[in-house]
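Read the structure below first, then the notes.
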Amino acid sequence: MLQKVVYAFNKQRTYMISHTEENYLKAIFKLIEKGKPSASTNGISKKMSTSAASVTDMLKRLSEKKYINYEKYKGVTLTSKGNKVATSLIRKHRLWEVFLVDKLNFAWDEIHDIAEEMEHIQSEELINRLDNFLDHPKFDPHGDPIPDAEGKFTFRHSFPLSELSVEETGTVVGVQESSSPFLQYLDKIGISLGSTIKIIEHFDYDKSTKAVLNNSNTHILSYKVSHNILVQKS
């Protein structure tokens, strides 16, 4: 009997996954999500803010656990098992962000780090109830799609504000950068999801843009700012 208990414990331990391993899987998912066929070691290293040697060690571990497809000097892809873990993490992270903004009145620049901790909660029942409580949101406060319980995303066509032509108007539906300084800057000049922005002029010298925000204030937006604001044509 004791031998069976020890075997069961060891078998369970083999399939346990740490928070760090989950974060690696999410990082790989996000790198591939941007249209790349695979994630490179250097890309993962930059995303995780760690050394290439540490990344290589982790990739070997994740490969042994069948979460990724990995060969040295070749790109990394997720297995169906790894993809399921990464998608679940993203779902939890983005649902918690909606909860923090809509129900607890956090600002959109305050929620990322909190959601990073809460995404590791393992209770599937809690997350399903959270989803129901929030009435099944499709997008988080930054405009990113939230996968459903089956891992399916709702996508919408959007593009950077910098690509709008003069006299065209766009509605803000997301951001490509979610750092606190960037979101705080958008708050300061009055840009949020749902804001309308009409292009008045593009300046060739530095690719900055003159625009009217919400039919009232005029601002000069740098290329970096306009490139990181996602819009749909109004």
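Couple of notes before you dig in:
- Test: residue in region 173-182 that is more than 16 Å from the chain's Cα centre (by Cα) and open to solvent by less than 30 Å² (accessible area, probe 1.4 Å): no
- Taking region 215-227 as the range and being under 26 Å from Phe155 (Cβ atoms) and either more than 24 Å from the chain's Cα centre (by Cα) or open to solvent by less than 20 Å² (accessible area, probe 1.4 Å) (or both) as the test, the residues that pass are Leu221, Val225, Ser226.
- One residue from Leu130, Leu126 being touching a Phe, Trp or Tyr at 6+ places or on another chain (Cβ under 8 Å) and in a helix (DSSP H, G or I): Leu130
- Among the residues of region 183-226, those that are among the acidic types (Asp, Glu) and not in a helix (DSSP H, G or I) comprise Glu201, Asp204, Asp206.
- Sole residue being out of contact with any helix residue (DSSP H, G or I) (no Cβ under 8 Å at 6 or more places or on another chain), open to solvent by less than 50 Å² (accessible area, probe 1.4 Å), more than 18 Å from Leu25 (Cα to Cα) and touching a residue at least 12 places away in the same chain (Cβ under 8 Å), chosen from Leu130, Leu100, Leu164: Leu164
- Test for Glu97: is it closer than 25 Å to Lys36 by Cβ, among the acidic types (Asp, Glu), touching a Pro at 6+ places or on another chain (Cβ under 9 Å) and at pLDDT 95 or above: yes
- Which numbered condition Glu117 fails, given (1) open to solvent by less than 60 Å² (accessible area, probe 1.4 Å); (2) within 18 Å of Lys26 (Cα to Cα): (1)
- Selection status of Lys30, at negative phi and either at pLDDT 95 or above or open to solvent by 80 Å² or more (accessible area, probe 1.4 Å) (or both): no
The values are calculated or read from the model by the stated rules, or taken from the named source; none is laboratory data. Remember, it's a predicted structure, so these values are computed and weren't measured experimentally. Glycine gets a Cβ as well: all are built from the backbone with ideal geometry, and neighbour counts include every protein chain shown. Accessible surface is based on the protein model in full, side chains and every heavy atom, while ligands, DNA and RNA are left aside. Shrake-Rupley method; radii C 1.70, N 1.55, O 1.52, S 1.80 Å.
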